[in-house]
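Below: one structure, written as structure tokens.
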Amino acid sequence: MHTEHTVDVAVIGGGQAGLATGYFLRRAKTDFVILDAGNGSGGSWPEYWDSLRLFSPAAHSMLPGWWMPEEEGREYPSAAHVAWYLGEYERRYDLPVRRPVRVRRVERAGDRLRLTTDGDTWSARHVISATGTWRSPHIPDLPGRDVFEGGQLHTVDYHRPDGFAGRRVVVVGGGNSAAQILAELSEVADTTWVTARRPRFLPDDVDGRALFAIATGARKAADRGEPSPAGIADLGDIVVVPSVRGARERGALKAEPMFDHLTRTGVAWADGTTMDCDVILWCTGFRPVLDHLAPLGLVDERGRVPVVGTRSRAEPRLHLVGYGDWTGPASATLIGAGRTAKAAVAEVVGSLREG
């Protein structure tokens with residue numbers, strides 16, 4: 001039997017952004033629920049590749065209210081440690097997370113929004129969407145993808161270098177995930193790095209602590225109504241964590257320009273150059289997971305919901321938290337998620353009190 005539940009606020013997603021939102025809703029003594037599609041706590045962190053490390057020490061990677069404990073023997077915490085931290089955070093603040101609950105549709109229902117799941121339905125005065133991007137990997141639609149006879153993987157499919165030994169692997173993408181994965185693959189496989197533009201490495205002494213400072217400056221400027229100061233993108237794209245530094249010293253980080261199309265046996269450039277390979281690993285990013293919002297008719301041609309701050313321009317009962325800079329400076333990071341969640345909850349609570 002399906003039941004319809006009624007709450008003031010429904011949060012969709014129980015990862016870092018959803019938990020940070022829950023923290024502030026709990027402090028505001030609001031009637032809310034967090035609906036999470038995962039089978040366990042930790043958001044997408046349990047699914048990341050094994051060797052992933054944060055760019056920041058634990059002290060610069062916390063959610064609001066509780067500093068992340070250090071991981072023994074590591075300056076930069078692992079993905080497994082972050083997953084553990086999120087699970088403990090959820091329990092520490094007794095957040096009302098229900099899982100696995102996949103929200104299929106959000107639609108208007110009078111003065112409320114109705115959330116349809118695979119089981120029950122929920123009726124909420126406000127909805128905060130925090131589903132992130134991990135479940136929507138992006139692969140460029142290049143010619144020949146359907147004729148290449150080798151393996152094609154995305155970042156979401158990669159976990160460890162086992163099984164790649166001695167194989168010819170093309171890693172595509174100019175961001176941090178590509179650089180980190182290439183760094184370890186290059187120790188066991190014949191790797192080629194391909195990027196749409198020349199990779200830009202941050203100075204060796206710049207890590208997540210600088211990201212923290214820049215995000216803080218951007219948030220303060222936004223609060224004052226001033227233009228955002230120069231960001232980390234003005235310095236570079238790739239943080240030189242120890243594994244990346246080691247690969248650079250081995251000469252494994254030489255990037256080739258983007259190829260034009262795939263062939264049956266590999267890749268080919270516009271000048272006629274070809275290269276055979278066994279596997280193409282697409283580290284080409286993600287798109288926001290917003291399918292559940294389709295009935296509201298808010299998603300634009302870029303796959304985003306136009307917002308003012310975190311609030312939908314066209315549907316004031318909807319906020320979006322944690323999807324990237326378009327929902328707040330550094331909002332897809334642990335520390336940035338907390339800042340934008342605080343702002344979203346302040347608006348929602350103010351609206352609830354008004355009426």
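The values are calculated or read from the model by the stated rules, or taken from the named source; none is laboratory data. The structure presented is a predicted model; accordingly, all values stated were derived computationally and were not measured. Because the Cβ atoms are built from the backbone with ideal geometry, glycine has one as well, and the counts that use them run over all protein chains shown. Areas reflect the complete protein model, heavy atoms only, side chains present, ligands, DNA and RNA absent. Shrake-Rupley method; radii C 1.70, N 1.55, O 1.52, S 1.80 Å.
List of remarks:
- Among residues of segment 292-313 being farther than 20 Å from Ser331 by Cα and in contact with a strand residue (DSSP E or B) (Cβ under 9 Å, 6 or more places away or on another chain), the one that is surrounded by the most Cβ atoms within 10 Å (Cβ to Cβ) is His292.
- Search result, residues across segment 105-115 that are within 25 Å of the chain's Cα centre (by Cα) and either loosely packed, with under 13 Cβ neighbours inside 10 Å or hydrophobic (A, V, I, L, M, F, W, C) (or both): Val106, Leu115
- Conditions (1) open to solvent by 30 Å² or more (accessible area, probe 1.4 Å); (2) among the aliphatic types (A, V, I, L, M); (3) within 30 Å of Pro161 (Cβ to Cβ); number of the one not met by Met62: (3)
- Among the criteria (1) hydroxyl-bearing (Ser, Thr, Tyr); (2) surrounded by 23 or more Cβ atoms within 10 Å (Cβ to Cβ); (3) over 25 Å from Leu290 (Cα atoms), the one Tyr93 does not fulfil is (2).
- Within segment 42-84, considering residues that are farther than 22 Å from Asp157 by Cα and touching a strand residue (DSSP E or B) at 6+ places or on another chain (Cβ under 8 Å), the one modelled with the highest pLDDT: Glu71
- Residues in segment 157-174 that are open to solvent by less than 30 Å² (accessible area, probe 1.4 Å) and not small (Gly, Ala, Ser): Tyr158, Phe164, Val169, Val170, Val171, Val172.
- Taking (1) farther than 30 Å from Leu185 by Cβ; (2) open to solvent by 10 Å² or more (accessible area, probe 1.4 Å) in turn, Val321 satisfies each apart from (2).
- Matching residues, segment 1-28, being more than 18 Å from Glu88 (Cα to Cα), open to solvent by 20 Å² or more (accessible area, probe 1.4 Å) and in contact with a strand residue (DSSP E or B) (Cβ under 7 Å, 6 or more places away or on another chain): His2, Glu4, His5, Thr6, Asp8
- Number of residues in segment 264-297 that are touching a residue at least 60 places away in the same chain (Cβ under 8 Å), among the polar types (S, T, N, Q) and out of contact with any Gly (no Cβ under 6 Å at 6 or more places or on another chain): the value is 1.
- Options Ala189, Ala221, Ala233; residue that is out of contact with any Leu (no Cβ under 6 Å at 6 or more places or on another chain), modelled with pLDDT under 65, hydrophobic (A, V, I, L, M, F, W, C) and within 22 Å of Arg53 (Cα to Cα): Ala233
- Boolean, Leu86 is part of a helix (DSSP H, G or I) and closer than 29 Å to Ser351 by Cα: yes
- Test: Ser56 is hydroxyl-bearing (Ser, Thr, Tyr) and surrounded by fewer than 18 Cβ atoms within 10 Å (Cβ to Cβ): no
- Test for Arg135: is it in contact with a strand residue (DSSP E or B) (Cβ under 7 Å, 6 or more places away or on another chain), closer than 27 Å to Leu290 by Cα and open to solvent by 30 Å² or more (accessible area, probe 1.4 Å): no
- Checked against (1) within 29 Å of Gly151 (Cα to Cα); (2) open to solvent by 30 Å² or more (accessible area, probe 1.4 Å); (3) among the aliphatic types (A, V, I, L, M), Val239 meets all criteria but (2).
- Restricted to strands (runs of 3 or more DSSP E) entirely inside segment 243-347, those with at least 1 residues that are on the phi < 0 side of the Ramachandran plot and out of contact with any helix residue (DSSP H, G or I) (no Cβ under 8 Å at 6 or more places or on another chain) are 255-257, 266-268, 274-276, 279-282.
- Taking the listed residues Pro77, Pro100, the one that is over 18 Å from Phe32 (Cβ atoms), open to solvent by less than 40 Å² (accessible area, probe 1.4 Å) and touching a residue at least 24 places away in the same chain (Cβ under 8 Å) is Pro77, with no other qualifying.
- Looking across Gly43, Gly38, one residue alone is closer than 21 Å to Thr131 by Cβ and touching a helix residue (DSSP H, G or I) at 6+ places or on another chain (Cβ under 8 Å). It is Gly43.
- Applying the set (1) open to solvent by 40 Å² or more (accessible area, probe 1.4 Å); (2) on the phi > 0 side of the Ramachandran plot to Asp118 leaves exactly one unmet item: (2).
- When Glu90 is tested against the conditions (1) closer than 30 Å to Pro161 by Cβ; (2) more than 18 Å from the chain's Cα centre (by Cα), the lone failure is (1).
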